[in-house]
Amino acid sequence: MSDDHEADVDDEGDAAERDDHPHREEFHEDPVGHARVEGGMTVGELLETYGEAGIGAADVHEAGDVLAEMFGNDDCTVFLSLAGAMVPAGMRGIVSELIRDGYVDALVTTGANLTHDTIEAIGGKHHHGRTHDPEKTAREHDEGLREEGVDRIYNVYLPQEHFAEFEGHLREEVFPALEGEGSVSIAELCAELGRANAAVNEREGVAEDAGVAAAAYESDVPVYCPAVQDSVLGLQAWMYAQTGDFTLDALADMTPLTDLAFEADDAGCLLVGGGVPKNFTLQTMLVTPRAYDYAVQVTMDPPSTGGLSGATLEEARSWGKLETDARNASVYGDATVMLPLLVAAARERVE
């Protein structure tokens with residue numbers, strides 16, 4: 001046998017040894033590509049190229065894809081859960097436009113978001129601020145703001161006189177319309193708030209849009225606020241009830257919300273942040289024969305703490321809140337960054 005022939009046999013043996021790997025159950029031939037950025041790209045095109053990449057970019061791409069399918073399904077009833085300081089942070093217009101344009105069938109949010117939404121509807125404004133003064137300690141910075149009558153939400157400022165105007169609005173425009181009705185649901189309070197916000201906004205010629213509650217009222221979209229007590233809106237409702245013929249029924253919203261889920265052909269949820277709105281939205285499916293077909297969540301909380309805000313959607317599936325074959329995606333990041341990206345990409349594809 002020649003030396004050349006022996007070399008050929010050895011090469012074949014090496015090749016056979018290299019091919020002799022164990023069966024790979026999880027592995028598929030799908031190489032990671034590279035995201036690209038070009039001048040003039042749309043947001044939808046950017047998220048599409050995210051699909052070539054890995055880690056967080058892949059998650060954002062998947063979330064945009066699920067959201068677009070959910071928005072594009074005419075038979076899907078969409079629940080929007082909105083927690084956090086989304087209104088004072090500048091996300092108010094995105095939410096109100098989703099409602100006005102028919103992408104949302106029910107909103108579950110906090111009393112804080114409704115409070116700040118109303119303040120802007122009647123003429124108040126939030127302002128850019130800063131988290132600290134480099135020449136002061138953090139405590140001195142916030143003590144100074146308190147003395148000046150300014151409330152801070154991270155890097156957003158709100159003059160305290162706006163809360164006095166908010167109280168006057170509630171006592172003059174909202175609560176009197178509910179007096180004499182006996183016990184009213186929180187959704188009825190939210191609807192009356194939206195009606196009053198729209199009316200005052202137009203009457204006073206406020207430059208700012210009438211906002212989220214007004215959009216929901218005018219679009220016949222119910223607003224549920226299961227923890228309304230945990231807000232200035234709730235505090236004002238309680239104070240008014242001390243002398244007025246007015247009270248809220250915390251359980252009254254359960255039936256219409258459950259009916260909405262029960263009657264849905266398909267159901268989807270967009271969960272922005274966690275807390276009470278997220279759980280209230282998800283738990284609705286526990287008393288219906290169905291579960292969510294689509295779910296997208298944006299959160300900054302890790303699942304390892306065991307808290308609801310960071311709980312994965314896979315965990316929700318174990319409870320029967322998501323269908324076993326539901327399309328779902330989670331994005332871990334700042335919702336003020338992620339929500340506009342996801343909504344823009346989904347709307348671009350649908351429209």
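Quick notes on this structure:
- Residue-count net charge about E38 - beta-carbon cut-off 14 Å; Lys, Arg +1, Asp, Glu -1: -2
- Potential lengthening between L308 and E351 on full extension [0.36 nm per residue; Cα-Cα distance subtracted]: 12.1 nm
- Dipole moment magnitude, nearest 20 debye, region 158-237 about Cα centre, only Lys, Arg, Asp, Glu C-beta charged: 140
- Between N155 and S219, the distance separating the two model label sites (each 7 Å from Cα on the Cα→Cβ line) works out to 2.9 nm.
- Beta bridges by DSSP in the chain, antiparallel share as percent, to the nearest 5: 20
- For Q160, the shell of other residues with beta-carbons less than 12 Å away shows a net charge of -4, using +1 for Lys and Arg and -1 for Asp and Glu.
- Cα-based shape type of region 238-307, given that a ≥ b ≥ c are square roots of the gyration tensor eigenvalues and the cut on a/c is 1.5: oblate
- Computed over region 42-158, the P(r) curve from all C-alpha pair distances, binned at 10 Å from the origin, holds 11, 29, 28, 21, 10, 1 percent per bin.
- Portion, in percent, of the accessible area of region 181-270 that falls on carbon or sulfur, probe 1.4 Å: 49
- Calculated FRET efficiency for the pair V337/L145, C-beta based, R₀ 22 Å, to 0.05: 0.30
- Theoretical ellipticity at 222 nm over the chain - DSSP helices of four or more residues, -39500 (n - 2.57) apiece, nearest 500: -14000 deg cm²/dmol
- Cα gyration tensor shape for region 162-269, rounded if a/c is under 1.5, else prolate or oblate: oblate
- Cα long-axis angle, helix 335-350 against the chain (0 to 90 degrees, to the nearest 10): 70
- H127/A241 FRET efficiency (R0 25 Å; Cβ-Cβ; nearest 0.05): 0.20
- Estimated from the Cβ-Cβ distance and a Förster radius of 22 angstrom, the FRET efficiency linking A250 and E97 is about 0.15.
- The length gained on full extension between D30 and E179, counted as 0.36 nm times the residue separation minus their Cα-Cα distance, comes to 47.3 nm.
- Fluctuation leader among T243, T131, T77 - the chain, Gaussian network, Cα springs under 10 angstrom: T243
- Cα gyration tensor shape of region 273-351, rounded if a/c is under 1.5, else prolate or oblate by comparing a/b with b/c: oblate
- Values of log10 I(q)/I(0), in the order q = 0.12, 0.15 Å⁻¹, for the chain under a Debye, Cα-only, solvent-free model: -0.93, -1.33
The values are calculated or read from the model by the stated rules, or taken from the named source; none is laboratory data. Given the structure is predicted, the values throughout are model-derived calculations rather than measurements. We place every Cβ from the backbone using ideal geometry, glycine too, and count neighbours over all the protein chains shown. Side chains included, ligands, DNA and RNA excluded: accessible areas come from the protein's heavy atoms. Shrake-Rupley method; radii C 1.70, N 1.55, O 1.52, S 1.80 Å.
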